[in-house]
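Trainee: Below you will find the structure I want to go over with you.
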Amino acid sequence: DAGVIQSPRHEVTEMGQEVTLRCKPISGHDYLFWYRQTMMRGLELLIYFNNNVPIDDSGMPEDRFSAKMPNASFSTLKIQPSEPRDSAVYFCASSFGLARQETQYFGPGTRLLVL
Amino acid sequence: KQEVTQIPAALSVPEGENLVLNCSFTDSAIYNLQWFRQDPGKGLTSLLLIQSSQREQTSGRLNASLDKSSGRSTLYIAASQPGDSATYLCAVRNSGNTPLVFGKGTRLSVIA
């Protein structure tokens with residue numbers, strides 16, 4: 001398996017633009033997580049899905065953020081409109097089960113810069 | 001609300017030294033604890049997972065211990081190498097159906 005795949009790897013955009021981040025989890029995994037990492041706040045969980053259904057989105061900072069998982073092999077995180085404070089690295093992770101011995105597998109991240 | 005703290009934020013040691021990274025958590029009623037490694041520009045890779053009933057886990061030169069009652073875990077790295085340079089993150093899970101809560105990490109530099 002290729003692991004968790006994220007695209008794009010880097011994104012530079014201007015304030016006010018819409019940004020869409022994409023994730024393909026590991027095949028067979030039933031949990032998918034979106035995280036945001038900054039120097040100030042560390043790694044924050046934004047939202048996670050189980051079997052394509054959002055379970056907890058309490059970490060989503062504002063209504064400008066939305067996430068979808070239309071099928072088991074694809075998820076998007078959208079920011080509209082984007083702001084400079086959204087600049088961060090966004091990680092997607094997947095796992096088989098939530099509390100099993102198996103851990104979460106992280107993608108390489110998308111580095112977002114909003115000017 | 002569970003909070004995870006890692007001290008120090010950064011550490012620099014000469015090659016060959018044994019070292020300890022620290023992790024503390026505010027709610028001792030955890031389900032399990034994991035240590036991750038993050039290389040610059042990369043995602044996280046799991047190193048060790050300790051269930052709440054365990055006291056330690058070992059993998060090669062790495063040993064992680066867990067003291068639930070005091071809300072602490074340590075990651076011991078023996079005979080450090082320049083390739084160990086990375087950021088090490090600690091994460092805890094409060095129950096069987098809750099996600100991980102991460103610390104901010106310790107950035108380790110091993111100098112040759």
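The values are calculated or read from the model by the stated rules, or taken from the named source; none is laboratory data. Quick caveat, the model's predicted, so the values are computed rather than measured. All Cβ positions, even for glycine, are placed from backbone atoms using ideal geometry, and neighbour counts span all protein chains on display.
Trainee: Filter the stretch B:21-55 down to the residues that are in a loop (DSSP other than H, G, I, E, B) and polar (S, T, N, Q), then identify the one that is modelled with the highest pLDDT. If you could, list the steps in order and put the result at the bottom.
Mentor: Going through the stretch B:21-55, the residues in a loop (DSSP other than H, G, I, E, B) turn out to be B:26-31, B:39-43, B:52-55.
Adding the requirement that they be polar (S, T, N, Q) leaves B:26, B:28, B:52-54.
Details: B:Thr26: 96, B:Ser28: 90, B:Ser52: 91, B:Ser53: 91, B:Gln54: 93.
Among those that are in a loop (DSSP other than H, G, I, E, B) and polar (S, T, N, Q), it is B:Thr26.
Trainee: Could we say that A:Arg36 is charged (D, E, K, R), free of Cβ contacts under 8 Å to residues at least 60 places away in the same chain and closer than 21 Å to B:Gly43 by Cα here?
Mentor: On the way: charged (D, E, K, R): yes; free of Cβ contacts under 8 Å to residues at least 60 places away in the same chain: yes; closer than 21 Å to B:Gly43 by Cα: yes.
Judged against the criteria, A:Arg36 is a match.
Trainee: Moving on. Does at least one position in the stretch B:33-51 carry a residue that is out of contact with any Gly (no Cβ under 8 Å at 6 or more places or on another chain), under 30 Å from B:Ile111 (Cβ atoms) and of a type in the set (Phe, Trp, Tyr)?
Mentor: Taking every residue of the stretch B:33-51 in turn, at least one turns out to be out of contact with any Gly (no Cβ under 8 Å at 6 or more places or on another chain), under 30 Å from B:Ile111 (Cβ atoms) and of a type in the set (Phe, Trp, Tyr).
Trainee: Determine, yes or no, whether A:Lys78 is within 14 Å of chain B (Cβ to nearest Cβ) and of a type in the set (Lys, Arg). Steps first, answer last, please.
Mentor: Numbers: within 14 Å of chain B (Cβ to nearest Cβ): no; of a type in the set (Lys, Arg): yes.
It is false that A:Lys78 is within 14 Å of chain B (Cβ to nearest Cβ) and of a type in the set (Lys, Arg).
This table checks each residue for (1) buried (at least 16 other Cβ atoms within 10 Å of the Cβ); (2) closer than 12 Å to B:Ala86 by Cα; (3) in contact with a helix residue (DSSP H, G or I) (Cβ under 8 Å, 6 or more places away or on another chain).
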{"position": "B:Ile7", "(1), (2), (3)": "no, no, no"}
{"position": "B:Ser12", "(1), (2), (3)": "no, yes, no"}
{"position": "B:Val20", "(1), (2), (3)": "no, no, no"}
{"position": "B:Ser24", "(1), (2), (3)": "yes, no, no"}
{"position": "B:Ser28", "(1), (2), (3)": "no, no, no"}
{"position": "B:Gln34", "(1), (2), (3)": "yes, no, no"}
{"position": "B:Gly41", "(1), (2), (3)": "no, yes, no"}
{"position": "B:Leu48", "(1), (2), (3)": "yes, no, no"}
{"position": "B:Gln54", "(1), (2), (3)": "no, no, no"}
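Trainee: Please verify whether A:Gln6 is part of a loop (DSSP other than H, G, I, E, B), on the phi < 0 side of the Ramachandran plot, of a type outside the set (A, V, I, L, M) and at pLDDT 95 or above, treating the condition exactly as stated. Walk me through how you get there before you give the answer.
Mentor: Working: part of a loop (DSSP other than H, G, I, E, B): no; on the phi < 0 side of the Ramachandran plot: yes; of a type outside the set (A, V, I, L, M): yes; at pLDDT 95 or above: yes.
Judged against the criteria, A:Gln6 is not a match.
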